[in-house]
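Following: one structure in structure tokens, then a few remarks.
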Ligand code: FES
């Protein structure tokens with residue numbers, strides 16, 4: 001795979017190349033100086049601060065590890081901590097998501113669960129040997145104790161996720177935090193609600209699992225109106241974040257709310273757990289992104305549309321020949337930006353279906369079925385239709401049911417127009433809630449939360 005770093009300033013063609021330049025200015029070489037990371041013994045030129053997965057992609061490396069059981073190749077697909085395709089050993093610590101760890105001079109990255117390398121792994125034979133899967137629980141106990149033990153020892157060596165860290169992690173106790181409101185999710189809905197609640201005099205802790213704020217808008221290739229200016233997604237997200245901070249919101253980025261109970265919520269922030277007690281919880285944690293089903297859709301070289309747009313933000317194209325399968329306006333903008341970035345772009349036309357990705361290690365083509373025939377397309381990256389499903393699980397832990405959202409054809413958190421749910425202290429806003437996002441609803445959520453906390457919360 002050839003290097004994929006692009007010089008966006010030199011881009012002049014393309015309907016949306018102004019957006020591309022705006023995105024690139026956000027993470028330009030001047031803003032982030034050069035650095036060198038080590039990947040499996042090779043020195044890789046990177047830019048300080050960009051995610052390691054992006055640095056490796058820019059250097060032409062898209063296969064980072066192997067799957068636990070069948071050693072199928074794995075590579076970044078979402079670029080936002082959603083798919084686990086980029087799990088790597090970084091600075092001696094196993095299972096770190098390379099899409100969330102920034103490149104810094106001297107960082108050492110190793111592929112894991114592969115021998116001798118992620119690109120050429122002898123244990124891939126397991127995948128070819130058992131094309132119809134195998135049930136390891138029964139296969140290994142069938143032939144007596146001695147063989148069973150030998151098989152278990154072998155499996156323990158060949159499967160799993162990396163080896164133990166070089167250093168024991170520091171055993172920090174949880175940080176206990178009391179606030180009026182906990183807001184989970186810092187897309188536009190969460191940020192504006194957190195800002196308004198703080199302006200109303202409430203103490204607000206706002207968390208998001210990503211190291212940056214802005215949610216889906218951050219990766220959008222459209223320009224957004226802000227203070228009479230048109231800005232690209234990252235600048236829009238950062239401006240909303242700055243406003244929330246200026247209003248007094250305690251913002252924690254890279255902080256994942258992973259469990260919520262009646263008496264508190266556990267948030268993992270770096271090496272530390274936070275135990276957050278809040279009178280009200282507002283879930284604005286958006287959607288999961290998954291990829292529509294087709295053969296070998298787990299192969300390196302398959303990206304969500306959001307990941308392809310995010311890579312462009314760092315001046316990197318996901319492929320030289322990209323097959324884009326979506327058909328909405330965002331996909332139009334992505335195609336324009338990719339071709340402005342020098343990629344050859346193909347699109348599925350109406351009536352065509354993506355059947356499978358082809359390639360041994362990573363994508364080298366795709367099989368597409370039309371009305372009357374099936375044909376092959378040569379490409380080194382595929383951006384299939386991305387399916388967005390509301391992330392209702394956390395609200396579910398709090399005891400709130402999901403309900404069918406007919407208009408969006410998905411399940412979402414059951415909430416009324418003011419974000420109220422069946423749990424009095426739990427509110428839902430943005431795309432995770434039934435009916436989706438609207439500014440009228442955000443205002444109503446703020447009023448409902450202020451009234452609830454003003455009445456003394458759960459009491
Ligand atoms: S989790 Fe890192 S690319 Fe998906």
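In table form, for the structure just shown:
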| quantity | calculated |
| --- | --- |
| Residue 346, sole failed condition from (1) outside any loop (DSSP other than H, G, I, E, B); (2) buried (at least 19 other Cβ atoms within 10 Å of the Cβ) | (2) |
| Search result, residues across the stretch 376-400 that are within 30 Å of residue 321 (Cβ to Cβ) and out of contact with any strand residue (DSSP E or B) (no Cβ under 7 Å at 6 or more places or on another chain) | 385 |
| Whichever residue in the stretch 427-441 is surrounded by 22 or more Cβ atoms within 10 Å (Cβ to Cβ) and touching a helix residue (DSSP H, G or I) at 6+ places or on another chain (Cβ under 9 Å) and, among such residues, is nearest to residue 201 (Cα to Cα) | 427 |
| Residue match in the stretch 67-80 (condition: part of a strand (DSSP E or B) and within 15 Å of the ligand (Cβ to nearest atom)) | yes |
| Count of the stretch 111-126 residues which are in contact with a strand residue (DSSP E or B) (Cβ under 9 Å, 6 or more places away or on another chain) and either in a loop (DSSP other than H, G, I, E, B) or within 16 Å of the ligand (Cβ to nearest atom) (or both) | 7 |
| Pairs with Cβ under 7 Å, 6+ apart, first in the stretch 79-93 and outside the structural domain of residue 40 (by TED's automatic domain parsing), second within 9 Å of the ligand (Cβ to nearest atom) and at pLDDT 90 or above | none |
| Residue in the stretch 95-104 that is more than 12 Å from the ligand (Cβ to nearest atom), touching a residue at least 12 places away in the same chain (Cβ under 8 Å) and more than 17 Å from residue 211 (Cβ to Cβ) present | no |
| Residue tally, condition touching a strand residue (DSSP E or B) at 6+ places or on another chain (Cβ under 6 Å), closer than 17 Å to residue 391 by Cα and part of a strand (DSSP E or B), over the stretch 267-299 | 8 |
| Residue among 369, 414 that alone is touching a helix residue (DSSP H, G or I) at 6+ places or on another chain (Cβ under 9 Å) and either over 25 Å from residue 83 (Cα atoms) or surrounded by 19 or more Cβ atoms within 10 Å (Cβ to Cβ) (or both) | 414 |
| Failed criterion for residue 333 (all others in (1) farther than 25 Å from residue 407 by Cα; (2) touching a helix residue (DSSP H, G or I) at 6+ places or on another chain (Cβ under 9 Å) hold) | (1) |
| Subset of the stretch 244-258 (residues that are loosely packed, with under 15 Cβ neighbours inside 10 Å and assigned to a strand (DSSP E or B)) | 258 |
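The values are calculated or read from the model by the stated rules, or taken from the named source; none is laboratory data. Not measured: the values here are computed from a predicted model. Don't worry about glycine lacking a Cβ; one is built from the backbone with ideal geometry, like all the others, and counts go over all protein chains shown.
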